[in-house]
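What follows is calculated from the coordinates using simple rules that are stated; it is not laboratory data. The model shown is predicted, which means the values in this text are computed figures rather than measured ones. Cβ: placed from backbone, ideal geometry, glycine included. Neighbour counts: every protein chain shown.
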């Protein structure tokens, strides 16, 4: 496992770019749910991403890893980073807005802080970091508590699904650091191929409505698979290897901002009052975390 580097200005710009791309994915999922079921959206974005990345691999004449240990790790990452969270996000957004779903991912830094402290040797937590991410988690708790107290069970289940998606993302980030020797393109392509294969049994055995593959409704899925999935995955894997999981986990603070902007632009939709309070707490946690040198 390589030692991570200190983030520079380019890394922060990359982090903002990733946030904007992933923020757009929530909007695209919300739009796609009008036509497709969650499992179709998850399978579509993953398989399109796999095909897109494999084409680049083929052009560059790169091969897949052959040692069993690396293959097993890539299988695990494909499940935790792609198939599981992509399905949970699509399923959860049936019951919650894109803005709320993105804010729920703010629990990611807390999970990253706890896991990376015990799993890695160069990403240890401090009191200030812990206080900062607790603020972010408090914002998420407000969102959960509002639906729980008002007996909105479907919305609550949707939010819990997004929390498990966040757990998958962070866990996979820690595992990715164990295969830093694998080229980024090969790593990302392998992840999506394994994730695609893992979802095929669900497509076979779950009852699915008729799907129109040759219509304009497919365009959002193509965008979802190539831009905020395939390209963003390449950037994420490279960033995790370079600057570590805790730095990358900060994307969870920034995604809600871009998601709210996209939702306002495309759907003329703004979050409810509790979501604004949660967002303020999340951003405050990010600011406090940045005070530590």
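At 20 °C and 1.002 mPa s, grab the translational diffusion coefficient of segment 10-112 from Stokes-Einstein with a Kirkwood Rh over Cα pairs, rounded to a whole number in µm² per second. Mind dumping the intermediate values first?
Numbers: Rh = 15.7 Å.
The estimated diffusion coefficient comes to 137 µm²/s.
Could you work out how far apart the two model spin labels at residue 76 and residue 5 are, taking each label as a point 7 Å from the Cα in the direction of the beta carbon, and quote it in nm?
Taking the two extended label points, one gets 2.7 nm.
If you find the alpha carbon centre of segment 1-52 and of segment 241-283, how far apart are they in angstrom?
14 Å
Say each of residue 205 and residue 261 gets a label point 7 Å from the Cα, pointing the same way as Cα to Cβ; how far apart are those two points in nm?
That separation, rounded to one decimal, is 4.3 nm.
What are the semi-axes of the equivalent ellipsoid of segment 225-277, taken as the square roots of 5 times the eigenvalues of the Cα gyration tensor, listed largest first and rounded to whole Å?
Working: eigenvalues 142, 50, 6 Å².
Each semi-axis is √(5λ); the values are 27, 16, 6 Å.
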